[in-house]
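What follows is a set of notes on a single structure, which appears directly below.
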Amino acid sequence: MIRLELENAVIKYGDTAIIKNFSLKVESGEMIFVTGSNGSGKSTLIRGIAGLLPLSSGKIFRAERVSYVPQVEEADRNFPATVKEIVLTGTQRKGKLFYTQNDKKLAEKFMKELGIFELSDSKIKTLSGGQLRRVFLARALCGEPELLLLDEPCAGLDAESHKILFGCLQKILEKGCAIIMVTHDDSDLEGIKNSRVIEMSNNHE
Amino acid sequence: MNEILEILSYPFVIRALISGSLISICASILGVILVLKHYSLIGHGLSEIGFASLSISSALKISPMIISVPSVIAASFLIMLTKAGDTAIAVASSAALSLGIIISSLTNSISNTSSFLFGSVLAVNEADLIFSVILSFVIIILFVIFYNRLFLITYNEDYARSLGINTAFYQIMISLLTALIVVSGMRIMGTLLISGVIILPAVSAKNLASGFKALIIISGVISILAFLTGLIISFIFNIPTGAGIILTNTIILILTRAIKTK
Ligand SMILES: Nc1ncnc2c1ncn2[C@@H]1O[C@H](COP(=O)(O)OP(=O)(O)OP(=O)(O)O)[C@@H](O)[C@H]1O
Ligand SMILES: [Mg+2]
């Protein structure tokens, strides 16, 4: 099943086309690694797929349930919210206003897997950078995505968490999720069987 | 004590009590979102546009709602949807304030102008009361239904959009409700002071609450406490209602700040 299809997509900041005539087709169970130097447009591509940037031209089809872990969470670190409250928001969808029992179970499950369950009731401002990263990963995973977009998810993770994350990813790939992951770490590329690498280049016009 | 009982026997006082309490609670709930989203100035901008529209309608001798409802709503959409910065809001609101003052001083008595600016309990008529009861009911219901969404959107709008949620709808909802609260609260609280009624309880509550839900509840409690105390103060010392309420709110803010740092 197709989870994402981009056809000649163009994404611009102002007049500068960062993504030019970009085409990509991703099937369920596939892992796409996106690499390339700083400023080459990896985040721009991910934000475009997540629906945060419009395509100037071209076509996009994306699966219904998409989860996204941004490179930098642009939200107030002092926001009065607990870990559990933030993780649960990942289960929200268009047209779905309330959390079900299943949502709560999923949130609990991924908090446990990522080792932040003990922090459930902690305020987010008391967390370390790596712990917060795991909160955002748990939030994305508990939405049971069909397409998962990860923008440098391993930044700030220790070796143990890194291993756990890849374990989780392998499991959801087997369940049919497709994943697009930006990474700078070549050793990531070998960890997953059914995967491809796309290298972004730095010639914007 | 006897004095208070005597005051309570006036129908206009009862109207002001009911209407003011409901508006206070709803204003402070909306205030939580506005404060967390760093839109604290929006209420201020809107209320000065409200003042201009009050002055105009009083000069034209028509019901204030006819002009103030559409103009304040239009202004709120403009501010929210264009994500107008502090500077734009400050410019627009001082322009509206001066326009209001000019019209008001040409056509009104000083005491009328001052009651527009600083509030008066005498201002609540029966139609205002009904309007504020319905509005408060609607706001509370919307908050219950959309609680999870509002939490998500207040925390991170981009993330909400990546989930396919129509964030513009909620922005419009918040700006519309803010506009209506400003309009319905501005005569009792005063156009210059209604923005404080919206913002101050949320700022105080932020010093005490740990989560979003607690913040909303504490903010509502503080707001109604400040309203009732402020109302009594304004009766006893014969000062404008809005000023009494804001004074109480300010004292509460200082107290909660002290508790927090302790
Ligand atoms: N908000 C913005 N407005 C204008 N230009 C931008 C904006 N965000 C990014 N750019 C430009 O777009 C280009 C691609 O940026 P992008 O963030 O996609 O790079 P990246 O590949 O993710 O880099 P990194 O490895 O540093 O994360 C850069 O040249 C950058 O200057
Ligand atoms: Mg990037």
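Listed values, structure above:
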| read-out | value |
| --- | --- |
| Helix-only mean residue ellipticity at 222 nm for chain B, each DSSP H run of n ≥ 4 adding -39500 (n - 2.57), per residue, nearest 500 | -28500 deg cm²/dmol |
| Dimensions (Å) - the stretch A:98-166, Cα atoms, principal axes, largest first | 33, 29, 18 |
| Chain A - mean residue ellipticity at 222 nm from DSSP helices (-39,500 (n - 2.57) per run, n ≥ 4, rounded to 500) | -8500 deg cm²/dmol |
| More than 27 Å apart - percent of Cα-Cα pairs taken over the stretch B:107-262 | 32 percent |
| Antiparallel %, DSSP beta bridges [both residues in the protein assembly as shown], to 5 | 45 percent |
| Normalised contact order of the stretch A:98-187, rounded percent, pairs of Cα under 8 Å and 6 or more residues apart | 31 percent |
| A:His162, B:His38, ranked by accessible area, largest first (probe 1.4 Å) | B:His38, A:His162 |
| Antiparallel bridge percentage (DSSP; both residues within chain A; nearest 5) | 45 percent |
| Surface accessible to a 1.4 Å probe, A:Met1 within the full protein complex, Å² | 150 Å² |
| Area accessible to solvent at A:Glu199, 1.4 Å probe radius, in Å² | 140 Å² |
| Protein-only accessible surface order, largest first, of B:Ile134, A:Ile11 at 1.4 Å | B:Ile134, A:Ile11 |
| Full-stretch length increase - B:Met65, B:Thr82 - with 0.36 nm per residue and alpha-carbon distance subtracted | 3.6 nm |
| Under the Debye formula (equal points on every Cα, no solvent term), log10 I(q)/I(0) of the protein assembly as shown at q = 0.11 Å⁻¹ | -0.91 |
| Helix runs (DSSP H) in chain A reaching 27 Å along axis by Cα, Kyte-Doolittle at least 1.0 | none |
| Heavy-atom accessible area per residue - the protein assembly as shown, 1.4 Å, Å² | 44 Å² |
| Coordinate range along principal axes, alpha carbons of the stretch B:55-139, Å, largest first | 37, 36, 21 |
| Accessible carbon and sulfur surface of the stretch B:2-261 relative to its total accessible area, %, 1.4 Å | 75 percent |
| The stretch A:37-74-the stretch A:98-125 distance, computed between alpha-carbon centres (Å) | 26 Å |
| Charge dipole magnitude, Cβ of K and R +1, D and E -1 - the stretch B:2-261, Cα centre, debye nearest 20 | 460 debye |
| Relative contact order (%) - the stretch B:2-261, alpha-carbon pairs under 8 angstrom, separation at least six | 31 percent |
| Value in Å of the Kirkwood radius, where the stretch B:2-261 supplies the Cα pairs that are averaged | 18.4 Å |
| Separation between Cα centres of the stretch A:127-193 and the stretch B:142-163, rounded to whole Å | 24 Å |
| Distance from the stretch B:175-230 to the stretch A:9-23 (C-alpha centre basis), Å | 45 Å |
| Accessible surface of the stretch A:97-153 [probe 1.4 Å, protein heavy atoms]: carbon and sulfur percent | 51 percent |
| D_trans [Stokes-Einstein, Kirkwood Rh over alpha-carbon pairs] for the stretch A:26-76, 20 °C, 1.002 mPa s, µm² s⁻¹ | 167 µm²/s |
| Accessible surface ranking that places the most exposed of B:Leu8, A:Leu119 first, with a 1.4 angstrom probe | B:Leu8, A:Leu119 |
| Lys/Arg +1, Asp/Glu -1 at C-beta; chain B dipole; positive extreme among B:Ile62, B:Thr82, B:Val121 | B:Thr82 |
| Threshold 50 Å² - residues in the stretch B:183-232 whose accessible area is reduced by that much or more when the chain is no longer isolated, probe 1.4 Å | B:Ser210 |
| Mean projection area, nm², convex hull over Cα of chain A | 11.6 nm² |
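The values are calculated or read from the model by the stated rules, or taken from the named source; none is laboratory data. Just so you know, these numbers come straight off a predicted model, no measurement behind them. Glycine also receives a Cβ, built like all others from the backbone with ideal geometry; neighbour counts cover every protein chain displayed. The area values use the complete protein model at the heavy-atom level, side chains included, leaving out ligands, DNA and RNA. Shrake-Rupley method; radii C 1.70, N 1.55, O 1.52, S 1.80 Å.
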